[in-house]
Number of protein chains: 2
Amino acid sequence: METVKIGILGLGTVGGGTVNVLQRNADDISRRVGCNIQVVAAAVRDLSGDRICPTDGIDLTDKPQDIINRADVDIVVELIGGDSLAKELVLAAIANGKHVVTANKALIAKYGNEIFAAADKKGVCVAYEAAIAGGIPIVKAMREGLTANKVAWLAGIINGTGNFILTEMRDKGRDFADVLAEAQALGYAEADPEFDVEGIDAAHKLTILASLAFGMPLSFDKCYTEGITKITQQDVTYAEELGYRIKHLGLAVRGESGIELRVHPTLIPEKRLIANVDGVMNAVLVKADAVGPTLYYGPGAGAEPTASAVIADVVDIARTLDGNVEHRVPALAFKTESITEQTVLTSADFETAYYLRLTTEDRPGVMADVTKILADQAISIEAIIQKEPNEDQDATIIMLTHRVIESNMEKAIAELKSQPFLKGDVTRIRVEHLNA
Amino acid sequence: METVKIGILGLGTVGGGTVNVLQRNADDISRRVGCNIQVVAAAVRDLSGDRICPTDGIDLTDKPQDIINRADVDIVVELIGGDSLAKELVLAAIANGKHVVTANKALIAKYGNEIFAAADKKGVCVAYEAAIAGGIPIVKAMREGLTANKVAWLAGIINGTGNFILTEMRDKGRDFADVLAEAQALGYAEADPEFDVEGIDAAHKLTILASLAFGMPLSFDKCYTEGITKITQQDVTYAEELGYRIKHLGLAVRGESGIELRVHPTLIPEKRLIANVDGVMNAVLVKADAVGPTLYYGPGAGAEPTASAVIADVVDIARTLDGNVEHRVPALAFKTESITEQTVLTSADFETAYYLRLTTEDRPGVMADVTKILADQAISIEAIIQKEPNEDQDATIIMLTHRVIESNMEKAIAELKSQPFLKGDVTRIRVEHLNA
């Protein structure tokens, strides 16, 4: 039986998991592929460090360039993360005629256009299933499974840490900071949790999903990104009273005037399947013209879920090793020459419904003033909850609006903030009904 | 640009939908594939019949053999359904060296072993994504996306009609017969609804999913099948009281003593995502060793969802037309020579929890007798609800049991039925917790 040889850059959680799964399931994998997959070499930071996997038969090196230069390596698997060294190594591997598999979403979202162009020129594949939603085969589903479709929009819970935090806040009535500290202790969140809770990680993934859906170049710098750090326990509770759940969604929407790329906390009706995706799990809901709505759910991170996606990519490449380059599935779903620039809207042009929460003096006429300010911006109200004044005689008003252009909402909020009756800030969270 | 030519057998709902989607999205599809997909001919029953699609440029014939014999057809798409004529035509197409795409689950479940062997011998592909769960790319996910994994079990809602009926019974308190009549009027259910409500259609699909998961030959005749015709409004309501929903599940489970292949009404905890898959939608939950649980959700039938899957298969084949045959994704996920017979258990060996409902005389000692009969078969009880006697002085007892071997349960039920206090039948519905 033929053997396909891979070299791994980085033997940490995902690298170690990949070696473990390849060894444990070697028999089933070769029964499927008809060839053996062998890890011949791996680059590690510290040659004497502890490993989560056996390393017998694997040449270890602390010089990643060694892996890229090995003549016997067919596929280089990049699992070191970050985006400067990784970019350099991936481009060097491509230049050496190696196929590349990576789990690095930052790398693809930011430098994918350059990397795929280099790979096209050299006739090699760059595969990245593990970069989005961990073990869920979402890249494969969108690139190949939905190939007959025009995608209208997609919505994803694509950051497990953020979803864990929001789920705990809802289920246990806990505060953001408290749950974040626990997530850090459990190892879900990094010591610097900014990538997760500010939505940067989700924006990387959304950028890639949007290119797969719409045939446009990767446009990370045009992605609107808002984190979940300002979501309070109150908002989670009021959302629930209104029949909604708050999720940190990535949304890519094809509109008449352009593409919306946005990551932000979002109220979703609790009856939607995606509103019930809890804890560290991920899900992507895709609305496409022929198939209608499809949803893909699974673990978004972790050693073996990510390894599952890495190995699927390795196998896909192994199957095409002596095939016609022209017939490969294109890296971004569309053939390189067919990828076209599209207008990506700025947030002023987004159109969504809103959840608004404001604290005001408790005196007659306030509600009339608030509703007039909204009406002046053509914002109509779907539901209002008014809470009894607290001991300071502050009244809380919670509203759901119908859909409105974001620039109008910004004007209304500015006007509300200038009112003497307003106490504190105006909380606004977008609402999406996700009628799919 | 190269053109791949297809001939369609059957231009009804799915065939017409396929032509419509291919025409509407021709541009996006060729941007992805790098070639054109052209329908050159179609076989129809009645040349003068009405069509849901334009037929300009398509040679129509009422002799399906004409399609198979055309030299310019690369791929034959079989959409006539049924399993005798379809089998004959598919085998003839293969013999003529044509690749085949089919949406025919009965055909694959019953004759797939023979068909795939013929295709292997001839070096052509037989693809059937549309046969299972309509537009959901579940075959692709299992064959390619989860290729690194050993599948432990899978559970699917894979018949939309049955799920529509159960959803209506729960949401609107309606009776089985009433909803079935509506489903027939809406066109969801056939005039002869046996395939749907008796679970035969689901068993076809489960048979295929099990082979994809476990690398075993298609074993439709070993699939245990129980319909939903005996589910009453009472059971739906009591299940809900207990925190469960009743779904018609297909389950394929890899156990130590063999494979369980079973289709039956099943109580699932209402918190599970799959318990919230409602109406005509389908979903498949797969538990695999590396990735963990993944779930795939979408429309299980309909013209364009099915067309979406048919076209995805056509495109996959188009990509490999001049590739190395050895490197293609195998029809049943595992290479033909690696598919191995496995023990498929009979229902006596299944192990599940149970929901039991019985009506008894309302007199002291009955509950003690009932629980003793269960205890004698090593059946332990998780929950009991006893309902107040009705006007006839009948008492209703509803129980949830812990997991038990089915043969023990059968003995206990036989013993219960022999008791003088029992009125009517014992209703038993299996319970699966689907801890994934």
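All of the numbers you see were taken from the coordinates with simple rules; none came from a lab. Since this is a predicted model, take the numbers as computed values, not measurements. Cβ coordinates were reconstructed from backbone atoms using ideal geometry, including for glycine residues, and neighbour counts include every protein chain displayed.
Quick look at the values:
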| item | result |
| --- | --- |
| Closest approach to the A/B rotation axis among chain A Cβ atoms, residue and whole-Å value | A:G323, 2 |
| Candidates per trypsin sites (Lys or Arg not before Pro) in the stretch A:1-72, loop by DSSP, up to 12 other Cβ within 10 Å | A:R45 |
| Karplus (6.51, -1.76, 1.60) ³J(HN,Hα), θ = phi - 60°, over the stretch A:98-111, in Hz, Gly and Pro reported as x | 8, 6, 10, 10, 9, 10, 9, 5, 4, 4, 5, 4, 8, 10 |
| For chain B, the longest site-free run once GluC sites (Glu not before Pro) in DSSP loop states with at most 15 other Cβ atoms within 10 Å are removed | B:3-189 |
| Partner lysines for A:K417 [C-alpha distance under 21 Å; skip if fewer than 8 residues away on the same chain] | A:K230, A:K372, A:K387 |
| Mean Cα-pair separation over length for the stretch A:138-299, i.e. relative contact order, pairs under 8 Å, 6 or more apart, % | 34 percent |
| For the stretch A:270-406: relative contact order, % (alpha-carbon pairs under 8 angstrom, 6 or more apart) | 20 percent |
| Exam field: B:A185 pseudo-label spacings to other copies (7 Å along Cα-Cβ), nanometres | 5.9 |
| Within chain A: Cβ-based charge dipole about Cα centre, in debye rounded to nearest 20 (Lys, Arg +1; Asp, Glu -1) | 1060 debye |
| Degrees separating the helix B:406-417 axis from the principal Cα axis of chain B, which is the longest one | 50 degrees |
| Per-residue HN-Hα couplings for the stretch A:142-150 [Karplus 6.51, -1.76, 1.60; θ = phi - 60°; Hz; x = Gly/Pro] | 6, 6, 10, x, 9, 4, 7, 9, 9 |
| Per-bin percent of Cα-Cα distances, the stretch A:152-248 [10 Å] | 16, 43, 29, 12, 0 |
| Shortest-first nm distances, B:G365 label point to equivalent points in other copies (7 Å, Cα→Cβ) | 8.1 |
| Candidate lysines - alpha carbon under 21 Å from B:K5, same-chain residues fewer than 8 apart omitted | A:K335, B:K63, B:K98, B:K122 |
| For the stretch B:61-163: span of alpha carbons on each principal axis (Å, largest first) | 43, 33, 21 |
| Debye intensity ratio in log₁₀ form over the Cα atoms of the stretch B:138-299, taken at each q of 0.09, 0.10, 0.12 Å⁻¹ | -0.29, -0.35, -0.51 |
| Mean separation of Cα contacts under 8 Å, 6 or more apart, over the residue count of chain A: relative contact order % | 16 percent |
| Using alpha-carbon coordinates, inclination of helix A:366-376 to the longest axis of chain A, degrees | 60 degrees |
| Residues with amide H under 5 Å from that of B:T225, placed H, sequence gap 5 or more | B:V263 |
| Rg/Rg_ref, the stretch B:347-431, where Rg_ref = 2.2 N^0.38 Å and atoms are Cα | 1.03 |
| Label geometry 7 Å along the beta-carbon vector: B:F421 inter-copy distances in nm | 6.7 |
| Net charge dipole size for the stretch A:203-296 [Lys, Arg +1 and Asp, Glu -1 on Cβ; Debye, nearest 20] | 180 debye |
| Dipole of the protein assembly as shown, positive end: most advanced residue of B:T359, B:S48, B:A239 [Cβ charges, Cα centre] | B:S48 |
| Value of Rg to Rh for the protein assembly as shown (Rh from inverse mean 1/r over Cα pairs, i.e. Kirkwood) | 0.98 |
| Cα centroid of the stretch B:143-165 to Cα centroid of the stretch B:190-256, whole Å | 11 Å |
| Unit charges at the beta carbon, dipole of the stretch A:37-188: most positive-side option, A:A117, A:V73, A:L146 | A:L146 |
| Centroid-to-centroid separation of the stretch B:354-406 and the stretch B:58-132 [C-alpha atoms, Å] | 52 Å |
| On Cα atoms only, tilt of B:303-320 relative to the major axis of chain B in degrees | 50 degrees |
| Under 5 Å, built H, 5+ apart or other chain: amide partners of A:V344 | A:I259 |
| Estimated vicinal HN-Hα couplings, Hz - the stretch A:217-229 in sequence order (Karplus 6.51, -1.76, 1.60; Gly, Pro = x) | x, 4, 10, 4, 6, 9, 8, 6, 10, 9, x, 10, 5 |
| Gain on full stretching of the segment that runs from B:R403 to B:E351 - 0.36 nm per residue minus C-alpha separation | 18.1 nm |
| Per residue Cα convex hull volume in Å³ - calculated over chain A | 146 Å³ |
| Candidate lysines for bridging to A:K287, where Cα separation is under 19 Å - those fewer than 8 sequence places away on the same chain excluded | A:K140, A:K150, A:K205, A:K247, A:K271, B:K140 |
| Residue-averaged 222 nm ellipticity for the protein assembly as shown, from DSSP H runs of 4+ at -39500 (n - 2.57), nearest 500 | -10500 deg cm²/dmol |
| Under 5 Å, built H, 5+ apart or other chain: amide partners of A:E270 | A:Y244, A:R245 |
| Max mean-square fluctuation residue, GNM over chain B, Cα-Cα springs under 10 Å, options B:V329, B:V236, B:V14 | B:V329 |
